[in-house]
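Read through the structure below, which is laid out as structure tokens, and then see the notes.
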Amino acid sequence: MLLEATPSVEQEINPWESAAHRFDEAAERLKLDDGMRKVLRQPAMELTVNIPVVLDDGRIEVFTGYRVQHSIARGPAKGGIRFAPDVSLDEVRALAAWMTWKCAVVNIPFGGGKGGVICEPHLLSEGELERITRRYTAEILEFIGPERDVPAPDVNTNAQTMAWIMDTYSMHKRHTVTAVVTGKPLELGGSLGRPEATGRGCMIVTMEAMRRFGLTPENTRVVVQGFGNVGGMAARLMSQSGFKIICVAEYDGAVYNPHGLDIDALVQHRTEMGSITGFPEAEDIDKDDSLLLDCDVLIPAAHENVITSANADRIRAKILCEGANGPTTFLADSILAEKKVFVIPDILANAGGVTVSYFEWVQDRQGYFWTEAEVNTRLDQIMISSFNDVIGYADKHAVKNRTAAYMLALDRVAFAIKRRGLYA
Ligand code: GLU
């Protein structure tokens, strides 16, 4: 059912509400029958675990964690695990559903899942993080596996976290199972190109969108919010390709140079100073203002709900490439559409990560590894054809790009469910 009354701020920023609203819009346009809507609207499985862990000072703390499998209709559940203080079941549910749609948009044989642990990773030691990760893995062990559910890194988790999960799982199985997670270190069955994949995917789809505006990298001004795995990599790769990165924003501030920032020097500055702010070759600006700068491409690659009904009408970018999951609220969608901002929706824009995760899973299962060039060429092909699928669909059916992406994805997943039939 579509939301009828004007949604409250809480509803606007509730990720499950956002996901449900987009789902409803696409389901309505596809004229999906009621039964199928019921199947696809709810996650297939939700698991909550309370994880007791001994802290470094000897105290016992209990952390709550989740793993949600939204759908396994097209293959094993796939999706990251995040560690953050504001993780909630609603958020993990929404993110799991987004993974189902994302994998379907790029047409890889996975369903969608997501996990999270409520904790403040910056206040925990390496040893505490390892113990949380291993105990969390042990608690969800029965539900994951190369054929069942394949986790990966997400906010505040990384290749080391994946190595601990892989090891814990393997110790229980009594043999090494590399394909249980992706985003692993290279020497433990990881894939070349995986660390860059999400940022590279963003660049590939942005370049496709730029053709519509007659833009070339040299005359394209980019603003990137987030300087981590996604934003940092997108900024680096785009600056290497000749784009002008005029602003980078992080949680503690933003730096602006209308002539373009030297991204390698900025990385160096942050390593030395612990912050991007105070970069000598740029001006410090307010981080919230960075989203409103006059630019050609805006890449929100930090977190959810940064473009809302409160600021969408002030966005000046021509192209919005959603590097993060859920950076735009559903109320902001129509405002951006009115302003004719070309939106590359998250489930397409940041799908490069899960696409190379798929390559990693394939390589692990074959025990045969590809060169970086092979990985990048295949990523290029998938991102470009998915972009054309989504934008072609949007043009043909005169719907928003995001609606087109959802319609394409829902249709693929619904088709799989229909062909399988319901087991009873
Ligand atoms: N966490 C990433 C995402 O949201 C990657 C997921 C994966 O590779 O499974 O797409």
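The values are calculated or read from the model by the stated rules, or taken from the named source; none is laboratory data. Quick caveat, the model's predicted, so the values are computed rather than measured. A quick note on method: Cβ atoms are made from the backbone with ideal geometry, for glycine too, and the neighbour counts reach across all protein chains shown.
What residue, of Leu348, Leu379, is within 16 Å of the ligand (Cβ to nearest atom), closer than 19 Å to Thr100 by Cβ and at pLDDT 95 or above?
Leu348
Identify all residues within the range 200-229 that are within 12 Å of the ligand (Cβ to nearest atom) and modelled with pLDDT of 95 or more; write none if there are none.
Gly201, Cys202
If you take the residues in the range 132-144 that are within 16 Å of the ligand (Cβ to nearest atom) and free of Cβ contacts under 8 Å to residues at least 40 places away in the same chain, which one is surrounded by the most Cβ atoms within 10 Å (Cβ to Cβ)?
Among those that are within 16 Å of the ligand (Cβ to nearest atom) and free of Cβ contacts under 8 Å to residues at least 40 places away in the same chain, it is Thr137.
For Glu147, indicate whether it is modelled with pLDDT of 95 or more, over 17 Å from the mean Cα position of the chain (by Cα) and away from the ligand (no atom under 16 Å from the Cβ).
Spelling it out, it is not the case that Glu147 is modelled with pLDDT of 95 or more, over 17 Å from the mean Cα position of the chain (by Cα) and away from the ligand (no atom under 16 Å from the Cβ).
Yes/no matrix, rows are residues, columns are (1) β-branched (Val, Ile, Thr); (2) assigned to a strand (DSSP E or B); (3) under 14 Å from the mean Cα position of the chain (by Cα); (4) within 11 Å of the ligand (Cβ to nearest atom):
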{"residue": "Val68", "(1), (2), (3), (4)": "yes, yes, no, no"}
{"residue": "Ala73", "(1), (2), (3), (4)": "no, no, no, no"}
{"residue": "Gly80", "(1), (2), (3), (4)": "no, yes, yes, yes"}
{"residue": "Val87", "(1), (2), (3), (4)": "yes, no, no, no"}
{"residue": "Glu91", "(1), (2), (3), (4)": "no, no, yes, no"}
{"residue": "Ala94", "(1), (2), (3), (4)": "no, no, yes, no"}
{"residue": "Trp98", "(1), (2), (3), (4)": "no, no, yes, yes"}
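For Glu360, state whether it is within 16 Å of the ligand (Cβ to nearest atom) and either closer than 26 Å to Gly226 by Cα or touching a strand residue (DSSP E or B) at 6+ places or on another chain (Cβ under 6 Å) (or both).
Yes, satisfied.
In the range 178-216, what residues are buried (at least 18 other Cβ atoms within 10 Å of the Cβ), of a type outside the set (D, E, K, R) and free of Cβ contacts under 8 Å to residues at least 60 places away in the same chain?
Across the range 178-216, the qualifying residues are Val180, Val181, Pro195, Met203, Met207.
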